[in-house]
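Here's the structure, in structure tokens; my notes come after.
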Amino acid sequence: MLCHLPEPRDAIAEAYRVLRSGGLFIACAPSRYHDPELSEVLPSSQLATFDAENGPELVGELFNDLEVIRWDDPLVHLPAQQALKLYLKGRGLSDAEIAEADGIASLPPTLTKRGALMAGRKAN
């Protein structure tokens, strides 16, 4: 997961080094803007070093014929408030923060996921 690396360029460069000419590099990353329905509840976080917004540029620095497929769709359905609470806990909120969150009961049951798949080829 390139988004967890302090210097994703190093990992991309290593992939470029070991791929044969014409080899395909594929990366996938979430968007910094996913789960917009939760923007008022989730704390702001530091920008990832690799995400759907900056990933294509980073991959395109080395790989040719870059293709980017983005998604922005309602993909996660949370059938009950308990499911939403567990989801928020998984996103780093404490039980106390979840209990204190204003408007949690009015959040929609479906969350929008955003991100991108990036594919590029090593030059021949």
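Only a single criterion out of (1) crowded, with 16+ Cβ neighbours inside 10 Å; (2) in a loop (DSSP other than H, G, I, E, B); (3) acidic (Asp, Glu) is not satisfied by residue 37, namely (2).
Whether a residue is at positive phi and surrounded by fewer than 18 Cβ atoms within 10 Å (Cβ to Cβ) was assessed, and residue 90 does not pass this test.
Mind listing whichever residues of the stretch 93-124 are of a type in the set (S, T, N, Q) and under 25 Å from residue 73 (Cα atoms)? If you could, list the steps in order and put the result at the bottom.
Here is the first cut: in the stretch 93-124, the residues of a type in the set (S, T, N, Q) are 94, 106, 110, 112, 124.
Within the stretch 93-124, 106, 110, 112 meet the criteria.
So if I check each of 17, 9, which one is assigned to a helix (DSSP H, G or I), of a type in the set (D, E, K, R) and exposed (fewer than 15 other Cβ atoms within 10 Å of the Cβ)? Show your work before the answer.
Numbers: 9 fails: exposed (fewer than 15 other Cβ atoms within 10 Å of the Cβ).
When all the criteria are applied, what remains is 17.
Of everything in the stretch 76-91 that's of a type outside the set (A, V, I, L, M, F, W, C) and more than 14 Å from residue 40 (Cα to Cα), which residue is modelled with the lowest pLDDT? Step by step, filter the stretch 76-91, then rank; the result is 81. Considering the stretch 40-65, and only residues there that are outside any loop (DSSP other than H, G, I, E, B) and either aliphatic (A, V, I, L, M) or at pLDDT below 95 (or both), the residue that is surrounded by the fewest Cβ atoms within 10 Å (Cβ to Cβ) turns out to be 58. Determine, yes or no, whether residue 104 is in contact (Cβ under 8 Å) with a residue 40 or more places away in the chain, crowded, with 16+ Cβ neighbours inside 10 Å, of a type in the set (A, V, I, L, M, F, W, C) and more than 24 Å from residue 4 (Cα to Cα). Yes; evaluated as a whole, the condition is true for this residue.
Determine, yes or no, whether residue 78 is in contact with a strand residue (DSSP E or B) (Cβ under 9 Å, 6 or more places away or on another chain), buried (at least 16 other Cβ atoms within 10 Å of the Cβ) and over 26 Å from residue 5 (Cα atoms). Don't jump to the end; show me each part of the working.
Values: in contact with a strand residue (DSSP E or B) (Cβ under 9 Å, 6 or more places away or on another chain): yes; buried (at least 16 other Cβ atoms within 10 Å of the Cβ): yes; over 26 Å from residue 5 (Cα atoms): yes.
When the stated conditions are applied, residue 78 passes them.
Answer with yes or no whether residue 52 is in contact (Cβ under 8 Å) with a residue 24 or more places away in the chain and closer than 30 Å to residue 9 by Cα.
Values: in contact (Cβ under 8 Å) with a residue 24 or more places away in the chain: yes; closer than 30 Å to residue 9 by Cα: yes.
Against the criterion (in contact (Cβ under 8 Å) with a residue 24 or more places away in the chain and closer than 30 Å to residue 9 by Cα), residue 52 qualifies.
Would you mind finding the one in 84, 88 that is in contact with a Leu (Cβ under 8 Å, 6 or more places away or on another chain) and in contact (Cβ under 8 Å) with a residue 40 or more places away in the chain? It would help to see each step written out before you state the result.
Numbers: 84 fails: in contact (Cβ under 8 Å) with a residue 40 or more places away in the chain.
Selected residue: 88, the only one of 84, 88 that is in contact with a Leu (Cβ under 8 Å, 6 or more places away or on another chain) and in contact (Cβ under 8 Å) with a residue 40 or more places away in the chain.
When the stretch 20-34 is examined, which residues are found to be part of a loop (DSSP other than H, G, I, E, B), under 26 Å from residue 87 (Cα atoms) and in contact with a Phe, Trp or Tyr (Cβ under 9 Å, 6 or more places away or on another chain)?
Here is the first cut: in the stretch 20-34, the residues part of a loop (DSSP other than H, G, I, E, B) are 20-23, 31-34.
Narrowing further to those that are under 26 Å from residue 87 (Cα atoms): 31-34.
Hit for the stretch 20-34 is 31, nothing else.
The values are calculated or read from the model by the stated rules, or taken from the named source; none is laboratory data. Nothing here was measured: the structure is a model prediction, and the numbers come from that model. Note that each Cβ is placed from the backbone with ideal geometry, even for glycine, and that neighbours are counted across all protein chains shown.
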